[in-house]
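**Q** Mind having a look at this structure? Questions to follow.
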Amino acid sequence: MKRWVVGVDIGGTNLVVGLVPVAGGPAVALRTRATGPERGPEAAVADIVRMAEDAIGETLDREGGRREDVVGVGIGCPGPLDLERGVIIDTPNLGWRGFPVRRRIAEALALPAVLDNDANCATYGEWWQGAGRGTATMVGVTLGTGIGGGLIVHGRIVRGASGSAGELGHTTIDFTGRRCACGNYGCLEAYASGPNIAARAREGLEAGYRSVLTELVEGDLERITALTVYEALVLSDAYAHEVMTETAKILGAGIANVVNLINPEVVVVVGGVTRAGDHLFEPLRSEVRRRAFRSAVDACRIVPGQLPETAGVIGAAGIFLAERAGGA
């Protein structure tokens, strides 16, 4: 009989919940719901519990088995986090502070739970079942509402002294630059996260650039998102191509820093922005080659993730299993 782990991925825009087989395999019975700072953590936990119960019921009905075959919950959430206590210290893009998310979910589902950074979970998912399979040293980069990072060295997640290791999005690339949601200036996230790609595109249009973007949003520039920029790119819009190329170079500068620091075998980039394909990856790789040590670049592949939409859920479940076995 199969056993299962509930995987929970709390993002700045969406909650995703699914069940992952203990033996490994795709996430099943996936549920997604929009979230955001206006809903607050209590409402989000209620949504997560309801989604998890629905997913458990569907899976056990289809696969057979009992509730006891669901052994626990892995939770991925933006940080900073207090991993030992299972508490969210602060989430700049959600506004949650001092919230005991692990205990609330564990008690509501009557299951043991493990909490980790959402980017760690996505990184672990890609390492366990995706583009990083078989590597010992890997960097994960998550592009979404924010930019996260995860580090795996010798097959183990590097969490650091306080659990904050791998925060690539909050490394400074311009010390007099744009203000970030974290309060710092010049963070990578302030330029290349989804909302900030859209913000940079709007600024150019307001400064007089011509683009099909204006038509796609019927003149309401506030409706521009990173997805809109991608749609314009598909239409061969020159300005959208310029925005994406600049984004790729900015990301390349940030990734070059971590390539020099960690010397990984692979950097796996996940998130909706990767839909841009070679429009993103070619200038990104070129910028890394320009900035990082040649020996480090030659040893490293920079690739898109293989688990779109589910890397966080799979990784959260995998970290639960590894923690219980004393391994992550």
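No value in this document is a laboratory result; all are computed from the given coordinates. As the structure is a prediction and not an experimental result, all values here were calculated from the model. Backbone-built Cβ (ideal geometry, glycine too); neighbour counts: all protein chains shown.
**Q** Place the peptides 257-264, 294-301 in order of packing, highest mean first, counting for every residue the other Cβ atoms within 10 Å and averaging per peptide.
**A** 257-264, 294-301
**Q** Looking only at the chain, where both bridge partners belong to it, what percent of the DSSP beta bridges are antiparallel (to the nearest 5)?
**A** Taking every DSSP beta bridge within the chain, about 55 percent pair in antiparallel fashion.
**Q** Related question: Using Cα pairs under 8 angstrom and six or more residues apart, how large is the relative contact order of the chain, in percent?
**A** 20
**Q** Then there's this: I'd like the distance between the alpha-carbon centres of the stretch 4-27 and the stretch 60-115, rounded to an integer number of Å.
**A** Using only Cα atoms to place each centre, the spacing works out to 11 Å.
**Q** Over the stretch 1-89, what relative contact order in percent results from Cα pairs under 8 Å that are six or more residues apart?
**A** That works out to 35 percent.
**Q** Can I ask one more? Using only Cα atoms, tell me the angle between helix 118-129 and the longest principal axis of the chain; keep it within 0 to 90° and round to the nearest 10.
**A** 80
**Q** Any idea what angle helix 194-206 forms with the longest principal axis of the chain, computed on alpha-carbon atoms, 0 to 90 degrees, nearest 10?
**A** Between helix and principal axis, roughly 20 degrees.
**Q** Amide H to amide H, which residues 5 or more places from V70 or on other chains are under 5 Å from it, using H placed in the peptide plane?
**A** Distant-sequence amide H within range of V70: W4.
**Q** Which far-off residues, 5 or more places away or on another chain, put their amide H under 5 Å from the one on A165, with H placed in the peptide plane?
**A** Correct list: G160.
**Q** What list of ³J(HN,Hα) values in whole Hz, one per residue of the stretch 74-86 in order, does the Karplus curve 6.51 cos²θ - 1.76 cosθ + 1.60 (θ = phi - 60°) give from phi, with Gly and Pro shown as x?
**A** For the stretch 74-86, the Karplus-derived couplings read x, 10, x, 8, x, x, x, 10, 9, 5, 5, 8, x Hz, x marking Gly and Pro.
**Q** How large is ³J(HN,Hα) for each residue in the stretch 13-26, as worked out from phi by the Karplus curve 6.51 cos²θ - 1.76 cosθ + 1.60 (θ = phi - 60°), to whole Hz, x for Gly and Pro?
**A** 10, 9, 9, 10, 10, x, 10, 10, x, 4, 7, x, x, x
**Q** A follow-up question, please. When the chain is modelled as a GNM with alpha-carbon springs shorter than 10 Å, which of Y124, Y209, Y230 fluctuates the most?
**A** Y209
**Q** Now for a different question. Any chance you could give the angle, 0 to 90 degrees and rounded to 10, that helix 238-262 forms with the longest Cα principal axis of the chain?
**A** Relative to the chain, helix 238-262 is tipped by roughly 60 degrees.
**Q** Also, quick follow-up: What residues of the stretch 133-158 lie in the reach of a label at A199, counting those whose backbone N is under 17 Å from a point 7 Å from the Cα along Cα→Cβ?
**A** Label zone hits: 143-148.
**Q** Quote to one decimal, in nm, the extra length available between E63 and F293 on full extension: 0.36 nm per residue of separation minus the C-alpha distance between them.
**A** 77.8 nm
**Q** Continuing with this model, one more query. Per residue of the stretch 289-303, what does 6.51 cos²θ - 1.76 cosθ + 1.60 with θ = phi - 60° give for ³J(HN,Hα)? Whole Hz please, x for Gly and Pro, Karplus curve as stated.
**A** 4, 5, 9, 9, 4, 4, 4, 5, 5, 4, 8, 10, 9, 10, 9
**Q** Go through (1) 0.95; (2) 0.92; (3) 0.98 and flag the label whose value is the computed Rg/Rh (Cα atoms, Kirkwood Rh) for this structure.
**A** Given (1) 0.95; (2) 0.92; (3) 0.98, the structure-derived one carries the label (3).
**Q** Additional query: For A113, what residues show an amide H to amide H distance below 5 Å, using hydrogens built from the backbone and excluding near sequence neighbours?
**A** When sequence neighbours closer than 5 places are left aside, the close amide H contacts are V73.
**Q** Order of 133-142, 44-53, 113-122, 22-31 by packing, highest average Cβ count within 10 Å first?
**A** The packing order, highest mean first, is 113-122, 133-142, 44-53, 22-31.
**Q** Using a simple charge model, +1 on the beta-carbon of Lys and Arg, -1 on the beta-carbon of Asp and Glu, nothing else, what dipole does the stretch 134-304 show about its Cα centre, in debye to the nearest 20?
**A** 720
**Q** Separate question: Based on DSSP H runs of at least 4 residues, each adding -39500 (n - 2.57), what is the mean residue ellipticity at 222 nm of the chain after dividing by all its residues, to the nearest 500 deg cm²/dmol?
**A** Helices in the chain give a 222 nm mean residue ellipticity of -12500 deg cm²/dmol.
**Q** List the relative contact order of the stretch 134-304 as a percent without decimals, with contacts defined as Cα pairs under 8 Å and 6+ residues apart.
**A** After rounding, I find 23 percent.
**Q** With r defined as the distance between the Cβ atoms of E218 and A46 and R0 fixed at 30 Å, what FRET efficiency is calculated, to the nearest 0.05?
**A** Given R0 = 30 Å and the Cβ-Cβ separation, E is 0.25.
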